[in-house]
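The values are calculated or read from the model by the stated rules, or taken from the named source; none is laboratory data. Because the structure is predicted, anything quoted here is derived from the model rather than measured. Methodologically, a virtual Cβ is constructed for each residue, glycine included, from the backbone with ideal geometry; neighbour enumeration extends over all protein chains shown.
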Amino acid sequence: MPNAPQPRAVVLLSGGMDSCVCAALAARDHEIAAVHVSYGQRTQERERQSFLAICRRLNIHDTLMVRNEALRAIGGSALTDEGIAVPTSESLGPGIPVTYVPFRNAHFLAVAVSWAEVLGAERVYIGAVEPDSSGYPDCRPAYYAAFNAVVKAGTKEGKIEIVTPLIAMRKADIVRLGLELGAPFDLTWSCYSREDRACGICDSCALRLRAFAAAGANDPIPYAPR
């Protein structure tokens, strides 16, 4: 008898390290479709390149790229407002950093859930992480529990589930998992401020570099001289 077809899933793929591992993980058990949202962030063209390259490497053929004009128009984040400098990791104080994009993941999830409903997919994967992260409020487990309740109430059949397989993992463990899965880290991009070489000093770069060091692995992307 032929093998049963794999269930469909949608994965939100920014092009960063965590979303890449999440996509590789989802691809083990599902026929996946990948969605990428550009929202006027400083490195949007570089992230888009990473998305396309990762999809090619992971043999993801069903892709959707959309542009969200609202988040840049709203501003309030160093990622979308050129008037707000991207801070170095050393200069960050307590609280939520200025790199937080207000309620961003709700915009992303709305697109992914809508597409999942059209595709007949019952899972939406997102690479949100709570430990070893910047402390964004839309990366907490309670946020996804609440969002799943909204999805259940607001979709035709109420069967779509948002899953966050990395949310409780430390960054070093995410690197180790990615290496086991063969996730293409060399194609990813995490830097908040540069598109040619990663700056190495923003919070995202610092978290990434520490994760690779703790995992005993080399980060394969290029970094600017310090």
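Structure values in brief
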{"read-out": "Residues (within 19 Å of L92 (Cβ to Cβ) and in a helix (DSSP H, G or I)) located in segment 214-226", "value": "none"}
{"read-out": "Lone unmet requirement of (1) part of a helix (DSSP H, G or I); (2) more than 15 Å from S19 (Cβ to Cβ) for D138", "value": "(2)"}
{"read-out": "Qualifying position, being over 16 Å from the mean Cα position of the chain (by Cα), surrounded by fewer than 16 Cβ atoms within 10 Å (Cβ to Cβ), in a helix (DSSP H, G or I) and of a type outside the set (F, W, Y), among A116, A146", "value": "A146"}
{"read-out": "Counted residues, segment 1-36 - those being free of Cβ contacts under 8 Å to residues at least 12 places away in the same chain and polar (S, T, N, Q)", "value": "1"}
{"read-out": "In segment 41-72, the residues that are acidic (D, E), in a helix (DSSP H, G or I) and surrounded by fewer than 19 Cβ atoms within 10 Å (Cβ to Cβ)", "value": "E45"}
{"read-out": "Count - residues of segment 5-40 that are farther than 16 Å from G178 by Cβ, in contact with a His (Cβ under 6 Å, 6 or more places away or on another chain) and not in a strand (DSSP E or B)", "value": "2"}
{"read-out": "Criterion (at pLDDT 95 or above and not polar (S, T, N, Q)) met by exactly one of I54, I96", "value": "I54"}
{"read-out": "Any hit, segment 142-154, residues being among the small types (G, A, S) and either touching a residue at least 40 places away in the same chain (Cβ under 8 Å) or on the phi > 0 side of the Ramachandran plot (or both)", "value": "no"}
{"read-out": "Residue satisfying all of: in segment 119-135; of a type in the set (A, V, I, L, M, F, W, C) and in a loop (DSSP other than H, G, I, E, B); nearest to A9 (Cα to Cα) among these", "value": "A121"}
{"read-out": "Whichever residue in segment 85-105 is assigned to a helix (DSSP H, G or I) and not acidic (D, E) and, among such residues, is farthest from S193 (Cα to Cα)", "value": "N105"}
{"read-out": "Of all residues making up segment 170-213, the number that are hydrophobic (A, V, I, L, M, F, W, C) and part of a loop (DSSP other than H, G, I, E, B)", "value": "5"}
{"read-out": "So R56, is it under 15 Å from D186 (Cα atoms) and under 15 Å from the mean Cα position of the chain (by Cα)", "value": "no"}
{"read-out": "Filtered residues of segment 149-171 (kept if in contact with a strand residue (DSSP E or B) (Cβ under 6 Å, 6 or more places away or on another chain) and either buried (at least 18 other Cβ atoms within 10 Å of the Cβ) or within 15 Å of D18 (Cβ to Cβ) (or both))", "value": "I162, V163"}
{"read-out": "In segment 82-113, residue nearest to L71 (Cα to Cα) [restricted to those that are surrounded by fewer than 21 Cβ atoms within 10 Å (Cβ to Cβ) and of a type in the set (G, A, S)]", "value": "A106"}
